[in-house]
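Questions regarding the structure given below will be posed in turn.
The values are calculated or read from the model by the stated rules, or taken from the named source; none is laboratory data. Because the structure is a prediction, the values reported are computed rather than measured. A quick note on method: Cβ atoms are made from the backbone with ideal geometry, for glycine too, and the neighbour counts reach across all protein chains shown.
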Amino acid sequence: MKNTLLFGIIAFIVVIGSLLVACDVGGIETVGSLTITGIPAEFNGKYALAHVFLEENEYFQFIAAANLNTNGFILSGSAGLINNGSVTLKVWEQIPSYDGFILKNFNASGNAYGGIAILESANFSFNLFDDHESDIISQGYIELTFNNGVGSGAFVKY
């Protein structure tokens, strides 16, 4: 009886542990980077993240932040600090799946466009299905050019 209970507990721990590892694909490194310039001085000291699409394939989405993790439909991490009207962010390819997001190294080339969100604080945690308007203090539009994962573009306020 003791052995059956012990093996049952061990099996339960193994199953839960493998589920946690399978769901959390955070901490993926990337060579992708993005520098956004022309951000108004009023946002110096605030934080930024971006969601962008390649022009030739709008289904190819990527997300830019200082650090990024994913667990199911929750994206969390830290936004980049805006300093002297610019911010440099890391970029990940964002692939939606039936049970959440998958993040991959970003190293594409081409023209892109998207949105930039300005946040009051660096740390964020967004559930895909929640409204995040209260977290965002300003938004803008960006047009970008990437070469082997390294991109740049300018901020245009909505």
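Given the criteria assigned to a strand (DSSP E or B), of a type in the set (S, T, Y) and either within 13 Å of the chain's Cα centre (by Cα) or under 22 Å from I136 (Cα atoms) (or both), does S121 qualify?
Criteria not met by S121.
Got at least one residue in the stretch 20-29 being at pLDDT 85 or above, more than 23 Å from N111 (Cβ to Cβ), part of a loop (DSSP other than H, G, I, E, B) and of a type outside the set (A, V, I, L, M, F, W, C)?
Checked the stretch 20-29: no residue is at pLDDT 85 or above, more than 23 Å from N111 (Cβ to Cβ), part of a loop (DSSP other than H, G, I, E, B) and of a type outside the set (A, V, I, L, M, F, W, C).
Within the stretch 41-57, can you find the residues that are surrounded by fewer than 15 Cβ atoms within 10 Å (Cβ to Cβ) and either out of contact with any strand residue (DSSP E or B) (no Cβ under 9 Å at 6 or more places or on another chain) or at pLDDT 90 or above (or both)?
A41, E42, N44, G45
Take residues that are touching a residue at least 60 places away in the same chain (Cβ under 8 Å) and surrounded by 15 or more Cβ atoms within 10 Å (Cβ to Cβ) and tell me which of the strands (runs of 3 or more DSSP E) falling wholly in the stretch 58-108 contain 1 or more.
87-97, 100-105
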